[in-house]
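Participant: I have a structure here, written as structure tokens, and I will follow up with some questions on it.
The values are calculated or read from the model by the stated rules, or taken from the named source; none is laboratory data. Computed from a predicted structure; not experimentally measured. Here the Cβ positions follow ideal geometry from the backbone for every residue, glycine too, while neighbour counts run over all protein chains shown.
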Amino acid sequence: MRIVRMFVISLVVLATSVSGSAEMPRQGERHEEKVDQLLESAITRGLVTGGIVLVGNSKGVLFEKAYGRGLGGPEATPLTLDTMFDIASLTKVIATTPAIMKLAEERKISLVDPVVKWFPEFYGKGKDDLLILNLLTHTSGLDDFPLGSANPLQSAVEGAAQQRLKGEVGSRFRYADINFILLGELVRRVTGVGLQEYTANNFYGPLGMGDTGFNPDKAKLTRCAATRGAENQLLQGQVQDNLSRQLGGVAGHAGLFTTAGDLSRFCRMMLNGGELDGVRVLSGRAVRQMTVPYFSRGGDVVRGLGWDIASPFSSPKGNGFSRYSFGHTGYSGSSIWIDPATDTFVVLLTSRVNYVKTKEFSRLRSDLSTLAASLFAAPLKMAGVAGSAAE
């Protein structure tokens, strides 16, 4: 099939791994001052009430600082580096994508398995060409839709099965949560345990990410930054995304809570090819597969498996990171961007106020990454790649 050939070609083109030599940034108070100015401006302009910025590389954290307060007015608690955040769609790449890649690495599934193999509900619905790969790259042709209240998970599966695909599978990019709702359910069908248990056992526990998981317990509720629900109510320790709430707070597209410190450990694992502090959770090959470019819309959109590379959602890339960099955003005000070529990653977690000024918020993400690249990134050192990787 054409989609398989394109994927294989992408793997061959960028099979050469990228490696960066970690270097500490040049010291000076100007670094902190420039980041301060950026976040304080966002608070003054009413985009956020506060946030956490963390910049690091494969060896550790280079910069981390908390700004402002959580939601809830002047009496709201100041944010700290230990504050936990609802990271919304970052769930797709911090939970679901690595889970799928690990199952593929263990040969329990194949990325080119037809979806109907694992979802018999799709049998006879004209979706025989739909592959797991298409769900990971948002090229399935599926669109989001409301879930039924009686059995929301089953309504998600059956609704996707019944839906008429939009465009040719593999060529139409349409970012849709239903793709990752199905992938989260796939983890359960393959392993017999839910996404929450599988990721805790295979990733968060081994990586020392003790503050990462779904549905925070009572002991962690007071550490959670609040978000606002659809009716403007404060949600603390409860997922903001309505579909995820319907699904019990554990879903493949949203629902994960974490801290900047835990995210930094995940990013370092990615930069170290699936290993951190002597603990391997993914093979180097699986990490490379996740971040090899997959092209759609005639090459105008570039995605990895789960990860974003160059698309309408790539504002956290900024200017200065290489074309080998990748990341993702979360509706609640979170984003990460990772660049193996310069051995740098940027984490932004915020208490987002304004969901209307999307361009301004995208600019905040972009400006932060641009600043991080200029202040903290190591010189480009690309193994086996001719010329500069910078864009």
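Participant: Filter segment 237-266 down to residues that are touching a Pro at 6+ places or on another chain (Cβ under 9 Å) and hydrophobic (A, V, I, L, M, F, W, C) and give me whichever is nearest to residue 203 (Cα to Cα).
Facilitator: Here the answer is 266.
Participant: Within segment 160-191, restricting attention to residues that are buried (at least 18 other Cβ atoms within 10 Å of the Cβ) and of a type in the set (Gly, Ala, Ser), which residue is modelled with the lowest pLDDT?
Facilitator: Taking the candidates together, the pick is 170.
Participant: So, one more: Among the numbered criteria (1) within 19 Å of residue 181 (Cα to Cα); (2) in contact (Cβ under 8 Å) with a residue 40 or more places away in the chain, which single criterion is violated by residue 271?
Facilitator: Checking residue 271 against (1) within 19 Å of residue 181 (Cα to Cα); (2) in contact (Cβ under 8 Å) with a residue 40 or more places away in the chain, the one that fails is (1).
Participant: Determine the pairs where a residue that is closer than 11 Å to residue 289 by Cβ, located within segment 101-115, has a partner that is among the β-branched types (Val, Ile, Thr) with Cβ atoms under 6 Å apart, the partner being 6 or more residues away or on another chain.
Facilitator: Correct list of pairs: 111/132.
Participant: Is at least one residue of segment 111-124 in contact with a helix residue (DSSP H, G or I) (Cβ under 8 Å, 6 or more places away or on another chain) and hydroxyl-bearing (Ser, Thr, Tyr)?
Facilitator: Scanning segment 111-124 turns up at least one residue that is in contact with a helix residue (DSSP H, G or I) (Cβ under 8 Å, 6 or more places away or on another chain) and hydroxyl-bearing (Ser, Thr, Tyr).
Participant: Hey, residue 350 hits all of (1) touching a residue at least 24 places away in the same chain (Cβ under 8 Å); (2) more than 19 Å from the chain's Cα centre (by Cα) but one; which does it fall short on?
Facilitator: Condition (2) is where residue 350 drops out.
Participant: Identify all residues within segment 330-344 that are within 13 Å of the chain's Cα centre (by Cα) and crowded, with 24+ Cβ neighbours inside 10 Å; write none if there are none. Don't jump to the end; show me each part of the working.
Facilitator: If we filter segment 330-344 for residues that are within 13 Å of the chain's Cα centre (by Cα), which is where we start, we get 330-338.
Of everything in segment 330-344, those that are within 13 Å of the chain's Cα centre (by Cα) and crowded, with 24+ Cβ neighbours inside 10 Å turn out to be 330, 332, 333, 334, 335, 336, 337, 338.
Participant: Pick from 237, 252: which is closer than 18 Å to residue 333 by Cα and surrounded by 15 or more Cβ atoms within 10 Å (Cβ to Cβ)?
Facilitator: When all the criteria are applied, what remains is 237.
Participant: Still on this structure, I have one more. Given the options 343, 308, name the one that is in contact with a helix residue (DSSP H, G or I) (Cβ under 7 Å, 6 or more places away or on another chain), among the charged types (D, E, K, R) and modelled with pLDDT of 95 or more. Spell out how you get there, then give the answer.
Facilitator: Values: 308 fails: in contact with a helix residue (DSSP H, G or I) (Cβ under 7 Å, 6 or more places away or on another chain).
Just one listed residue meets the conditions, 343.
Participant: Next question, about the same structure. Could you tell me whether any residue of segment 165-186 is in a helix (DSSP H, G or I), acidic (Asp, Glu), within 22 Å of residue 302 (Cα to Cα) and touching a residue at least 40 places away in the same chain (Cβ under 8 Å)?
Facilitator: Initially, segment 165-186 is screened for residues in a helix (DSSP H, G or I), giving 177-186.
Filter again for acidic (Asp, Glu), leaving 177, 185.
Subsequent filtering for residues that are within 22 Å of residue 302 (Cα to Cα) retains 177.
Next cut, touching a residue at least 40 places away in the same chain (Cβ under 8 Å) only: 177.
Looking through segment 165-186, at least one residue is in a helix (DSSP H, G or I), acidic (Asp, Glu), within 22 Å of residue 302 (Cα to Cα) and touching a residue at least 40 places away in the same chain (Cβ under 8 Å).
Participant: Could you check, for segment 119-131, whether at least one of its residues is at negative phi, under 22 Å from the mean Cα position of the chain (by Cα) and surrounded by 16 or more Cβ atoms within 10 Å (Cβ to Cβ)? Outline the logic, then answer.
Facilitator: Step one: list which residues in segment 119-131 are at negative phi, which gives 119-123, 125, 127-131.
Those still in the list that are under 22 Å from the mean Cα position of the chain (by Cα) too: 131.
Within this subset, residues satisfying the condition of being surrounded by 16 or more Cβ atoms within 10 Å (Cβ to Cβ) are 131.
Scanning segment 119-131 turns up at least one residue that is at negative phi, under 22 Å from the mean Cα position of the chain (by Cα) and surrounded by 16 or more Cβ atoms within 10 Å (Cβ to Cβ).
Participant: Still on this model: Going residue by residue through segment 224-239, is there one that turns out to be at positive phi and either outside the structural domain of residue 322 (by TED's automatic domain parsing) or under 16 Å from the mean Cα position of the chain (by Cα) (or both)?
Facilitator: Residues of segment 224-239 at positive phi: 232, 237.
Restricting the remaining residues to those that are either outside the structural domain of residue 322 (by TED's automatic domain parsing) or under 16 Å from the mean Cα position of the chain (by Cα) (or both) gives none.
No.
Participant: When you check residue 285 against the structure, is it surrounded by fewer than 17 Cβ atoms within 10 Å (Cβ to Cβ) and in contact (Cβ under 8 Å) with a residue 40 or more places away in the chain, yes or no? It would help to see each step written out before you state the result.
Facilitator: On the way: surrounded by fewer than 17 Cβ atoms within 10 Å (Cβ to Cβ): yes; in contact (Cβ under 8 Å) with a residue 40 or more places away in the chain: yes.
Judged against the criteria, residue 285 is a match.
Participant: A further question on this structure: Testing residue 360 on (1) surrounded by 17 or more Cβ atoms within 10 Å (Cβ to Cβ); (2) at pLDDT 90 or above; (3) more than 19 Å from the chain's Cα centre (by Cα), one condition comes back false. Which one is that?
Facilitator: Result: residue 360 passes all but (1).
Participant: If only one of 164, 189 is out of contact with any Leu (no Cβ under 7 Å at 6 or more places or on another chain), among the charged types (D, E, K, R) and more than 26 Å from residue 304 (Cβ to Cβ), which one is it? Even if it seems obvious, please write down each step before you answer.
Facilitator: Working: 189 fails: more than 26 Å from residue 304 (Cβ to Cβ).
Exactly one residue qualifies, and that residue is 164.
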